[in-house]
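Structure record follows, encoded as structure tokens.
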Amino acid sequence: MTEQTDARALRDNLKAAGCDAKTTERFLQMEAAGERREQLRLLAAHRQRLLDRVHREERRISCLDYLVYQLHRRDGAGT
């Protein structure tokens, strides 16, 4: 693989992981500078943001599930 192909593959992977342009550019700068620890920190921070979002959405789903449960329970108790 060429450097250009490697950089394209990295860009594609970062985009697929939900990284924005700023994060991607920073990651590639770190790649060029050989800053592996910083890259790992950057990826860990992005991962944490994604997990926070997942957990927030899980809480919302739980609230919806509870509302559906309550509605079914009310309908069942009313008949």
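The values are calculated or read from the model by the stated rules, or taken from the named source; none is laboratory data. From a predicted model like this one, the values you see are computed outputs, not experimental measurements. Counting neighbours? That spans all protein chains shown, and the Cβs are built from the backbone with ideal geometry, glycine included. Note: accessible area is taken over every heavy atom of the protein model, side chains too, but ligands, DNA and RNA are not part of it. Shrake-Rupley method; radii C 1.70, N 1.55, O 1.52, S 1.80 Å.
Some notes on this structure:
- Pair T5, V68: separation of 7 Å Cα→Cβ label points (nm): 4.7
- Computed extension length for R41-R59: 3.8 nm, one decimal, from 0.36 nm per residue of separation with the Cα-Cα distance subtracted.
- Taking the accessible area of the chain, probe 1.4 Å, and keeping the other protein chains in place, the carbon and sulfur fraction comes to 55%.
- Near E25, once Lys and Arg are set to +1 and Asp and Glu to -1 for all other residues with Cβ below 13 Å from its Cβ, the sum equals +2.
- In the full protein context, the chain carries 86 Å² of accessible surface per residue, based on a 1.4 Å probe and ignoring ligands, DNA and RNA.
- Highest average first, the peptides 12-19, 44-51, 24-31 ordered by how many other beta carbon atoms sit within 10 Å of their residues are 24-31, 12-19, 44-51.
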